[in-house]
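The values are calculated or read from the model by the stated rules, or taken from the named source; none is laboratory data. Predicted model only: the values in this text are computed from it and were never measured. Ideal geometry is used to build each Cβ from the backbone, glycine not excepted, and the neighbour counts take in all protein chains shown. We work out accessible area using only protein heavy atoms, side chains counted, and drop any ligands, DNA or RNA first. Shrake-Rupley method; radii C 1.70, N 1.55, O 1.52, S 1.80 Å.
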Amino acid sequence: MIPKLHYISNAKTPQLHLDNIQKACSAGIELVQLDMKHIKKPALLQLAKDVQAITSHFQTRLIITSHYKIAETIKADGVFLEKTDASPTLVREHLFPWQSIGASAHTLQDGENLIKKEVDYIALGPFQTAKEDKTNALGINGYTAIAEALLTETPLLGFGNITTNDVKNILDTGISGIIVSQEINADFNLIKTYHQLLNASSTQEMRHSF
């Protein structure tokens, strides 16, 4: 089963990752997605192990972005694949059967392709974009159109500059959870607010078995 709220840690130093993840776990987050794109290669494995020590203590799930071999090595709960990463089909061959695979989609076609590749959940976005982003924002209309067209039991999660003010409207589109980074980094106490808005707890997760 997949929690409705995912927190992405994408800090620029290993220590900041550890500090942020400690705060997120202390505030009750149920799933941490570790994005190490700013970290130099020699430090990746040790950082993943150090993060896992924190998440294991709190019984929080740990998802590794992109680095599926590290996820396999440390036996993380799963992997999240960006559009430029390896195919979920290939990655599945490297993981344990119980490890999950999530992947990002921007279009209906992306979503359809990921469903065929049997991913465990799809991150749909971006919901909103910053001025410098070249990708078009999907917004409420895009979410509604794609969710209705996919008609899938695979959980769809929204991402991309989402705030607490957006949650109710997003849930009305058929999206069942959200992935947040910036707003939580600014105030880890918002995790509790997000859980209330999502009606999310460990007993009310999206019913989808890995």
Checking the structure you have, find out if any residue of segment 37-55 is open to solvent by less than 50 Å² (accessible area, probe 1.4 Å) and among the charged types (D, E, K, R).
no
Arg61 vs. criteria among the charged types (D, E, K, R), under 11 Å from Val32 (Cα atoms) and in contact (Cβ under 8 Å) with a residue 12 or more places away in the chain:
yes
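Given the options Thr107, Thr164, name the one that is polar (S, T, N, Q) and within 17 Å of the chain's Cα centre (by Cα).
Working: Thr107 fails: within 17 Å of the chain's Cα centre (by Cα).
Residue meeting the stated conditions: Thr164.
For segment 1-20: of the residues being part of a helix (DSSP H, G or I) and in contact (Cβ under 8 Å) with a residue 24 or more places away in the chain, which is surrounded by the fewest Cβ atoms within 10 Å (Cβ to Cβ)?
We begin by selecting, within segment 1-20, every residue part of a helix (DSSP H, G or I); these are 14-20.
Cutting the leftovers down to in contact (Cβ under 8 Å) with a residue 24 or more places away in the chain gives us 14, 17-18, 20.
On the way: Pro14: 19, His17: 24, Leu18: 17, Asn20: 21.
Result: Leu18.
Answer with yes or no whether Lys23 is at pLDDT 95 or above and part of a loop (DSSP other than H, G, I, E, B).
Numbers: at pLDDT 95 or above: yes; part of a loop (DSSP other than H, G, I, E, B): no.
The answer is no for Lys23.
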